[in-house]
1. Which of the residues spanning region 77-102 are open to solvent by less than 10 Å² (accessible area, probe 1.4 Å) and assigned to a helix (DSSP H, G or I)?
2. Does Leu69 fit the bill of being part of a helix (DSSP H, G or I), farther than 24 Å from Thr24 by Cα and more than 15 Å from the chain's Cα centre (by Cα)?
3. Go through (1) surrounded by 15 or more Cβ atoms within 10 Å (Cβ to Cβ); (2) modelled with pLDDT of 95 or more; (3) of a type outside the set (S, T, N, Q); (4) assigned to a helix (DSSP H, G or I) for Leu19 and report which single condition fails.
4. Restricting to region 110-131, and then to whatever is of a type outside the set (S, T, N, Q) and within 18 Å of Pro42 (Cβ to Cβ), can you tell me which residue is surrounded by the fewest Cβ atoms within 10 Å (Cβ to Cβ)?
Amino acid sequence: MISLDVAALIVVAGRVLRLDTGATLDVLDVPAAEAALAEAVPTAGGCTDAALGDAALAAGRPGGDAAVLSTTAAGLLHALIRHRPFRRGNEQVAVAATLQFLAVNGWQADLDPPLAATAVVTDLATGVMTA
């Protein structure tokens, strides 16, 4: 499984917020970003996400285990919304980063119907829902 790092998060945020790299760095809280990304990394029996991904590849599942991938994606979305690593646009960046995470791991999210997707993000942001 391929995880996102702070550099990837900066690229995604720059596109979402329509900022160049320098301006994106100006609105970034690096410790909050690092905390969110670390929180989203799954562990199972002490294994890191890389070990889980390697095991999935060995089993012939190039995108990794579906349960691990979906849990990690939900955790990433939740952690980015909760830690708020940007001074603005955190919800939009969180959704885009989660979609990017899924895409680099061979998945495509279906955000239809859009009202349901919006409700999930809103509920995560307000604490009504957890990952």
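The values are calculated or read from the model by the stated rules, or taken from the named source; none is laboratory data. What you see is a predicted model; the values in this text were computed from it and never measured. We place every Cβ from the backbone using ideal geometry, glycine too, and count neighbours over all the protein chains shown. These area figures cover heavy atoms from the full protein model, side chains too; ligands, DNA and RNA do not enter into them. Shrake-Rupley method; radii C 1.70, N 1.55, O 1.52, S 1.80 Å.
1. Ala79, Leu80, Ile81, Asn90, Val93, Ala94, Ala97, Phe101
2. no
3. The failed condition is (4).
4. Ala131
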